[in-house]
Structures are given as structure tokens and as C-alpha cells.
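First the structure, in the form of C-alpha cells, and then the observations on it.
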Amino acid sequence: MMGKVAFSLLLALVLVNLGLSSERKCVLSGLWKNELGSNMSISAVNADGGFTGLYHTAVTATNKPIQVSPLKGSQKPTSQRKQPTFGFTVTWTFSDSTTVFVGQCFMDDKGKETLKTKWLLREEVRSPGADWKATRVGTNIFTRIK
């Protein structure tokens with residue numbers, strides 16, 4: 001009899017945990033850091049999916065001092081998705097370039113959130129002949145720091 005009670009309690013705990021983990025949603029707002037040491041803060045996402053924030057890059061191709069730069073973006077509302085897609089633009093305050101990021105917010109089985117992104121950085125060039133070297137492409141993975 002005791003074995004059946006213990007098994008029933010264990011089964012109930014497993015089912016409760018499965019129910020809780022399936023309710024978790026990846027949340028975009030907060031503080032994030034990527035593998036290069038760049039940091040960003042994202043505000044609360046509004047009802048339409050819009051958000052703003054600040055990006056502090058750890059890397060640059062310019063000789064100018066790095067400055068915190070504004071970002072603005074949108075995400076697919078989380079009420080529709082547990083691991084939403086998003087996009088945002090960073091308008092660099094210290095250079096003549098702009099970067100657009102697209103990605104998805106993922107949550108693993110242990111609740112760890114990551115943002116997997118791809119980006120295009122466009123720098124200003126002086127002529128159409130220099131267009132070939134004006135766009136860079138890359139990837140970043142961000143992890144939550146708060």
C-alpha cells in the first residue's frame with residue numbers, strides 16, 4: 001500500500017512539473033550579454049510587441065570611443081508564442097553605421113533563456129563603387145544577466 005501511495009505522489013509531482021514547464025515563456029525584456037561581451041537592456045514589450053532599449057557594444061571597427069546606443073524593435077506577441085521571434089535596429093551614436101538584428105528567444109528545459117540572432121551592419125560609404133564592402137553579416141548568442 002505504501003508503495004502505491006509513494007508512486008502516486010511521485011507521478012503527481014512529475015505531472016505538476018510538466019504542467020509548470022510547459023507554461024514558461026521566453027521573455028525578451030531585461031539585461032543580456034553576448035559571447036563578445038556586448039550588453040543590452042530591453043524595456044518591457046508593449047501590447048503591440050514594440051520595445052526600446054540600449055546597446056553597449058564591446059567591439060567596433062571605428063577608432064572613435066564606443067558609446068551606448070539606442071535600439072528599437074518589435075517581437076511577435078508572446079501570448080501567441082512561447083519562444084517568440086523578434087527584430088531590432090541599433091543606430092550607433094559613435095559611427096556612421098546601423099545594425100539590424102533578427103532572432104528568436106529560446107528557453108531550455110531548465111528555464112535558461114537565450115537569444116539567438118543574426119545581424120547585418122551597414123556602414124556609410126562614399127560612393128556606389130564602395131557598396132560591395134559596406135555590409136557585414138554575423139551572428140550573436142545572448143544570455144540573460146538579469
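The values are calculated or read from the model by the stated rules, or taken from the named source; none is laboratory data. Values in this document were obtained by computation on a predicted structure and should not be read as measured data. Positions of Cβ are backbone-derived with ideal geometry, glycine not excepted, and every protein chain shown enters the neighbour counts. Keep in mind that these areas ignore ligands, DNA and RNA; they rest on the heavy atoms of the full protein, side chains included. Shrake-Rupley method; radii C 1.70, N 1.55, O 1.52, S 1.80 Å.
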Checklist line | Residue-level accessible surface for residue 145, protein heavy atoms, 1.4 Å, Å² | finding: 90
Checklist line | In sequence order, calculated HN-Hα J values of the stretch 107-114 (Karplus, 6.51, -1.76, 1.60; Hz; x Gly/Pro) | finding: 10, 7, 5, 9, x, 6, 9, 9
Item checked: Net charge contributed by nearby residues that have their C-beta within less than 13 Å of residue 121 (K/R +1, D/E -1) -> +1
Notebook entry, point to check: For the residue pair residue 131 and residue 66, what label-to-label distance in nm results when each label sits 7 Å from Cα along the Cα-to-beta-carbon direction?
Noted result: 3.2
Checklist line | Rounded if a/c under 1.5, otherwise prolate or oblate - the stretch 18-121, Cα gyration tensor axes | finding: prolate
Note to self: For a quick check: with amide H placed at 1.01 Å from N, whose amide H comes under 5 Å from residue 29's, ignoring anything fewer than 5 positions away on the same chain?
What the structure shows: 45
Next item on the list: Grab every C-alpha pair in the stretch 53-93, bin the distances at 5 angstrom width from 0 up to the longest one, and report whole percents.
Entry: 6, 20, 22, 17, 14, 10, 8, 4, 1
